[in-house]
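The block underneath contains the structure these notes are about, expressed in structure tokens.
The values are calculated or read from the model by the stated rules, or taken from the named source; none is laboratory data. All values reported here derive from a predicted model rather than from experimental measurement. As a convention, Cβ positions derive from the backbone with ideal geometry for all residues, glycine included, and neighbour counts pool all protein chains shown. Accessible surface areas use protein heavy atoms only, side chains included; no ligands, DNA or RNA. Shrake-Rupley method; radii C 1.70, N 1.55, O 1.52, S 1.80 Å.
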Amino acid sequence: MKRRKLNQYLASGILLLGSCLAYGLRAEEASKGGVTQGIITARSEHWLEIKADGEKESVRYLPKWVKGTEGERGGLDQGMLGKLKGFVVLNRVEVKWEFFESRRILEISHIDNGAKSGSAKGRVTAKGEAWIEVTPLNGVPERYMPKWSKGLDRDMLEKIRQAKTGDTVTVDWTYDERKRVVGLVVE
């Protein structure tokens, strides 16, 4: 009997360690939670992936699990699922989360100063086929995507392709549902 209990505890510890490794957490983080600020890099109707400021990789966040009432199955927090619909890839967000099998969203909000347009000078820190990430000196990274009009602006896509990681650039942008690059100058 004691051996069985010991094996159960050992198995639980191994599962916790495996979860920590799978989600990029240290063991002490797994029992806690935290607040993360970063950029949404991918999403579905059930989760968001967020690249936290200062990190290289994105991490997946899900709504918390709500237990079902007697005789009913539980599921993801429906209120949070509804709230996630208001977030799109490239939005800057702040997420309060706890760890329970994975990072679970408790609260989420846009990080937005309310500006509808602006300009930023900084270093290109990452690029994708349809976006560019610029980090100002002593600032946090922002990702920008070209404007959409029957497709992404092809001229701007070409400018993004030509910019190299590490280049110093000035980005002129507007905001609709995300920041859109409308001007890009490599210095």
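Can you pull out every residue in the stretch 84-105 that is surrounded by fewer than 16 Cβ atoms within 10 Å (Cβ to Cβ) and either assigned to a strand (DSSP E or B) or more than 15 Å from the chain's Cα centre (by Cα) (or both)?
Our first condition is that a residue be surrounded by fewer than 16 Cβ atoms within 10 Å (Cβ to Cβ); within the stretch 84-105, this holds for 85-86, 88, 94, 96, 98, 100-101.
Passing the criteria: Glu94, Lys96, Glu98, Phe100, Glu101.
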Review point. Can you name the condition, by its number, that Glu133 falls short on among (1) of a type in the set (D, E, K, R); (2) out of contact with any strand residue (DSSP E or B) (no Cβ under 8 Å at 6 or more places or on another chain); (3) open to solvent by less than 50 Å² (accessible area, probe 1.4 Å)?
Key: (2)
Review point. Do we find that Leu48 is modelled with pLDDT of 95 or more and over 30 Å from Val171 (Cβ atoms) in this structure?
Key: no
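Within the group Gly75, Gly71, which residue is among the small types (Gly, Ala, Ser), open to solvent by 30 Å² or more (accessible area, probe 1.4 Å) and either over 18 Å from Arg143 (Cα atoms) or modelled with pLDDT under 95 (or both)? Please lay out each step first, then the result.
Values: Gly75 fails: open to solvent by 30 Å² or more (accessible area, probe 1.4 Å).
Just one listed residue meets the conditions, Gly71.
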Exercise for review: Tally the residues that are touching a Pro at 6+ places or on another chain (Cβ under 9 Å) and among the charged types (D, E, K, R), restricting the search to the stretch 134-158.
Suggested key: 4
Study note, to complete from the structure: Given the conditions (1) under 22 Å from Asp167 (Cα atoms); (2) modelled with pLDDT of 95 or more; (3) open to solvent by less than 80 Å² (accessible area, probe 1.4 Å), every one holds for Ala120 apart from (2)
**Study point:** Wholly enclosed strands (runs of 3 or more DSSP E) of the stretch 130-184 bearing at least 3 residues under 19 Å from Gly38 (Cβ atoms) and not aromatic (Phe, Trp, Tyr)
**Key:** 132-135, 142-146
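If you scan the stretch 34-62, which residues turn out to be basic (Lys, Arg) and in a strand (DSSP E or B)?
Of the stretch 34-62, the ones basic (Lys, Arg) are 43, 51, 56, 60.
Selection gives Arg43, Lys51, Arg60.
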Exercise for review: Would you please list the contacts, defined by Cβ atoms under 6 Å and residues six or more apart or on different chains, that run from a residue in the stretch 141-169 that is open to solvent by less than 40 Å² (accessible area, probe 1.4 Å) to a residue that is assigned to a helix (DSSP H, G or I) and modelled with pLDDT of 95 or more?
Suggested key: Pro146/Met156; Pro146/Leu157
